[in-house]
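The values are calculated or read from the model by the stated rules, or taken from the named source; none is laboratory data. Remember, predicted model here, so these are calculated numbers, not experimental data. Virtual Cβ from ideal backbone geometry, glycine too; neighbours counted across all protein chains shown.
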Amino acid sequence: MKLKIYQIDAFAKNVFEGNPAAVIPLEQWIDDALMQKIAEENNLSETAFFVKNQDNYHIRWFTPGGEVAMCGHATLASAYVLFEILEIEQKEILFDSKSGWLRVRRDGKKFAMNFPVQKITPCKPPQKILEAFEQLPIACYRSMDYLVVFDDELHVKKSIPNLEALKTLDARGVIITSLSKEYDFVTRFFAPKYGIDEDFVTGSAFTQLVPYYVNILKKQAFHAKQVSPRSAEVFCKIDGDSVDISGYGVQYLQGE
C-alpha cells in the first residue's frame, strides 16, 4: 500500500516558516495503530488524515504522542492540499472532526478557518504551572488547555518552562500570552504530554485566546503573533459562537 504524503508549512508565506504539518489523503480509513506509527515516523507536531465523504471530508489528527481532538495548523495544511494541490472546485471545505464541523474558505491568498469558540473558565493557577514558569501570572483559565496570562511580553518571549512539570497537567497543553507593543497580543503553546515540547503555531489555541481578548481589548478582530522559534502572524476575529483564524500556507515537499 502506497499513500501520498504532503508536508505543508502552515501560517507561513515561505518555507522554513510557520508550523509544518504532514497531510495524508485517504480513500478509506486505515488502522488507527498504523496512523499513529506514521505520525511517529513523521515526527512533526501533527499529521492529518482525511477521507472524502460526499461533499465534505472527515479529518483526524495525530501527534507523535497520540490522537488529538482539534488541530488548527494541520487543518489549514489539509485545506491547502485540497485547494492548491488536488484543486477541488469547492469554495469552502467542510471538515467533520471530533470537535464538530470545521469550515475553511479562501480569504484572498490566505485560508480562513472557522472553529467553534472554546469556553474558558477562570481558575487558580496549578502549582505545576507556577513551578514551570517561575513567575506569577495575572490570570489563568481552563479550557481544553490552560490559558496563562502574564503582564510581561518579554517573559512570554524568553520563558524556558520546566516541561516535566507541564507533562503532569490534566489538559492538552498550556498557552501563555500577554499584550504586545507591536501586535494585539503574543502567545506560545507547550504540549509535552503529547510529545510537543513547543508548538510553532497553534491554530486551535486561538479559539481560547480570542474570547479572552475580546473582553480585554473590547474589539472583535486581532493581529497576533505566536513567538515560537518559527514565529508566525495570525489574523483572527470573533464570529458569533465561532472564531475565524486566517493564515498563509506553502508546500515544502510531497512523496509517497
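Taking the condition surrounded by fewer than 21 Cβ atoms within 10 Å (Cβ to Cβ) and either touching a strand residue (DSSP E or B) at 6+ places or on another chain (Cβ under 9 Å) or not aromatic (F, W, Y) (or both), does G247 pass?
For G247, the condition - surrounded by fewer than 21 Cβ atoms within 10 Å (Cβ to Cβ) and either touching a strand residue (DSSP E or B) at 6+ places or on another chain (Cβ under 9 Å) or not aromatic (F, W, Y) (or both) - is not met.
Just for the stretch 3-45: of the residues that are among the aromatic types (F, W, Y) and surrounded by fewer than 17 Cβ atoms within 10 Å (Cβ to Cβ), which one is modelled with the lowest pLDDT?
Once the filter is applied, the top-ranked residue is F16.
Only one of (1) crowded, with 24+ Cβ neighbours inside 10 Å; (2) over 25 Å from A191 (Cβ atoms) is not met by W61, so which one is it?
Answer for W61: the failing condition is (2).
Hey, D151 hits all of (1) in the same structural domain as Y212 (by TED's automatic domain parsing); (2) in contact with a helix residue (DSSP H, G or I) (Cβ under 7 Å, 6 or more places away or on another chain) but one; which does it fall short on?
Looking at each condition in turn, D151 falls short on (2).
Please tell me if A224 is closer than 18 Å to E153 by Cβ and at pLDDT 95 or above.
yes
Just to verify a result, which residue in the stretch 128-138, among those that are farther than 21 Å from E182 by Cα and out of contact with any Pro (no Cβ under 7 Å at 6 or more places or on another chain), is surrounded by the most Cβ atoms within 10 Å (Cβ to Cβ)?
In this case the residue turns out to be I129.
Regarding A205, is this residue touching a Ser or Thr at 6+ places or on another chain (Cβ under 7 Å), outside any loop (DSSP other than H, G, I, E, B) and assigned by TED's automatic domain parsing to the domain that holds A74?
no
Consider only pairs whose beta carbons are under 8 Å apart and that are at least six residues apart or on different chains; among these, list those whose first residue lies in the stretch 204-220 and is in contact (Cβ under 8 Å) with a residue 24 or more places away in the chain and under 13 Å from R142 (Cα atoms) and whose second residue is β-branched (V, I, T) and in a helix (DSSP H, G or I).
Correct list of pairs: empty, since none qualify.
Pick out the one residue from D197, D184 that is over 20 Å from I120 (Cβ atoms) and under 19 Å from the mean Cα position of the chain (by Cα).
D197
Would you confirm whether any residue within the stretch 31-42 is of a type in the set (A, V, I, L, M, F, W, C) and free of Cβ contacts under 8 Å to residues at least 12 places away in the same chain?
Yes, the stretch 31-42 contains a residue that is of a type in the set (A, V, I, L, M, F, W, C) and free of Cβ contacts under 8 Å to residues at least 12 places away in the same chain.
If I ask for residues that are without any contact (Cβ under 8 Å) to a residue 40 or more places away in the chain and within 26 Å of W101 (Cβ to Cβ), which ones from the stretch 221-256 would you list?
Hits for the stretch 221-256 are A221, F222, C236, K237, G240.
Counting only residues that are β-branched (V, I, T) and part of a strand (DSSP E or B), which one in the stretch 159-192 is farthest from K128 (Cα to Cα)?
V186
Taking A139 and the conditions (1) in contact with a strand residue (DSSP E or B) (Cβ under 8 Å, 6 or more places away or on another chain); (2) within 18 Å of I245 (Cβ to Cβ); (3) hydrophobic (A, V, I, L, M, F, W, C), which numbered condition does it fall short on, given that it satisfies the others?
Against the list (1) in contact with a strand residue (DSSP E or B) (Cβ under 8 Å, 6 or more places away or on another chain); (2) within 18 Å of I245 (Cβ to Cβ); (3) hydrophobic (A, V, I, L, M, F, W, C), A139 comes up short only on (2).
Scan the strands (runs of 3 or more DSSP E) fully inside the stretch 1-113 and keep the ones with 1 or more residues being at positive phi.
Once the strands (runs of 3 or more DSSP E) in the stretch 1-113 are filtered for at least 1 residues that are at positive phi, what remains is 66-68, 100-107.
So which residues in the stretch 189-218 are out of contact with any helix residue (DSSP H, G or I) (no Cβ under 6 Å at 6 or more places or on another chain) and closer than 16 Å to S231 by Cα?
Passing the criteria: I196, E198, D199, F200, T202, A205, F206.
Checking K119 against (1) basic (K, R); (2) in contact with a Ser or Thr (Cβ under 7 Å, 6 or more places away or on another chain); (3) surrounded by fewer than 18 Cβ atoms within 10 Å (Cβ to Cβ); (4) assigned to a strand (DSSP E or B), which test does it fail?
K119 satisfies every listed condition except (4).
For the stretch 91-109, state whether one or more residues are farther than 23 Å from F62 by Cα and touching a residue at least 40 places away in the same chain (Cβ under 8 Å).
Yes, the stretch 91-109 has at least one match.
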